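Below: the structure, in structure tokens.
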Amino acid sequence: MKTPLAVQGLCKNYPAFQLRDVSFSLVPGTITGFIGRNGAGKTTTINSMLSFVRPDAGEISFFGLDYPEHDREIKERIGFVSAGMTYYTRKKLKAITAVTRTFYPGWDDTAYRKWMSVFGLDEEKTPAELSNGMKIKYALALALSHGAELLILDEPTSGLDPVSREELVEVFLKLKDEGKTVFFSTHITSDLEKCADRILFLQQGELKADDTLEGFRDAWRIAECGTDIPPAMQEAACGRCRIRDGYTVLIRKDNAAAFETREATLEEIMIHLEKEAEEA
Ligand SMILES: Nc1ncnc2c1ncn2[C@@H]1O[C@H](COP(=O)(O)OP(=O)(O)OP(=O)(O)O)[C@@H](O)[C@H]1O
């Protein structure tokens, strides 16, 4: 099966920010979490790869087809959902759907009914009457009704309460069960611990990790120590964070044998690496 998305050497220059040579590809039927702190460049990457902004360099292909050359065919096979999506707030969902379906020759009404029912959405409502989580679900229902095989979501869980986030994570797992590929950006790492197969970690416009969730986590260990970090540990540290009684220190697993350590969570890895980058 062709890779749903391959990004090669993507660059975008803004006056105060550069996206530098980002390359990755997605594995079909998996969930990939695209993580990085605010301003790391996640949205810039997504906008550049979807040609919402013009990239300065890079090659993008979806399902082995170059983009944007094969724009029309590709758009029928992907769905894009952003937390900031806006709809005509006072139109009923059924009116919005009626317009949307005209853009897609492959529109499948049975699939639409199914996903509206799975997500508990009422067509008689207007977007103004939907919560943020419901709006994301409606956007997903539209994407899935035109047969999207790849779902690209920009920060779908931010701004949602923990229960709504949990529901969305369950939706992603359901989509994966159906063979869809899911790519979503977030800075809420706990959501990824529950559902992601792969992690892409972006830091200051550079892709710092592209690995399985287990591989990414397993490369690191955490040491907990008092306020005096021993010199050997200082040497091995890749970032340290203050905690109540001292510090937590992130150490590459390869360098951690000499210390008492434990497994690291995704959040700990991200925070420690960001601290290190800030201090560098
Ligand atoms: N149109 C633009 N013009 C100039 N700079 C921009 C533009 N869009 C984004 N940037 C800058 O690019 C940087 C990366 O922003 P981006 O929105 O891609 O980050 P992000 O990782 O998605 O962050 P967040 O999690 O806050 O959404 C920021 O410093 C931002 O100010």
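Bear in mind these aren't lab numbers, they're just calculated from the coordinates by the rules spelled out. Small disclaimer: the values here were computed from a predicted structure and weren't measured. No Cβ is skipped: glycine too gets one built from the backbone with ideal geometry, and neighbour counts run over all protein chains shown.
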Please state the relative contact order of segment 195-273 as a whole percent: Cα pairs under 8 Å, 6+ residues apart?
30 percent
Expressed in nanometres to one decimal, the distance between label points 7 Å along Cα→Cβ at Glu224 and Arg262 is 0.4 nm
Gyration tensor verdict on the chain (Cα atoms; rounded if a/c is under 1.5, prolate if a/b is larger than b/c, oblate otherwise):
prolate
Proximal lysines to Lys208, defined as alpha-carbon separation beneath 16 angstrom and excluding residues fewer than eight positions away on the same chain:
Lys42, Lys275
For Phe62, net neighbour charge (Lys/Arg +1, Asp/Glu -1) across residues whose Cβ lies under 13 Å away
-3
Percentage of interatomic Cα-Cα distances in segment 49-194 larger than 23 Å:
36 percent
Please report the net charge: other residues with Cβ closer than 14 Å to the Cβ of Thr126, K and R +1, D and E -1.
+2
Using a Gaussian network model of the chain whose springs link C-alpha atoms within less than 10 Å, name the residue from Ile152, Ile199, Ile229 with the highest mean-square fluctuation.
Ile229
Test of the criteria: in segment 91-136, which GluC sites (Glu not before Pro) are in a DSSP loop and have at most 11 other Cβ atoms within 10 angstrom of their Cβ?
Glu124
With the convex hull built on the alpha-carbon atoms of segment 2-41, volume per residue in Å³ sits at 64 Å³
Taking only DSSP H segments of four or more residues, each worth -39500 (n - 2.57), what value at 222 nm results for the chain once the sum is divided by all its residues, to the nearest 500 deg cm²/dmol?
-10000 deg cm²/dmol
Mean separation of Cα contacts under 8 Å, 6 or more apart, over the residue count of the chain: relative contact order %
21 percent
Excluding residues fewer than 8 positions from Lys176 in its own chain, the aspartates and glutamates with Cα under 13 Å of it are Glu149, Asp197
Candidate aspartates and glutamates for bridging to Lys12, where Cα separation is under 18 Å - those fewer than 8 sequence places away on the same chain excluded:
Asp21, Asp56, Glu59, Asp154, Glu206
Heads up, segment 23-76 by the C-alpha gyration tensor (a ≥ b ≥ c square roots of eigenvalues; a/c under 1.5 rounded, else a/b over b/c prolate, else oblate) looks oblate
Cβ charges +1 (Lys, Arg) and -1 (Asp, Glu), total dipole of the chain, debye
940 debye
Given a 10 angstrom Cα cut-off, can you work out which residue in His187, His70, His146 is the most mobile in a GNM of the chain?
His70
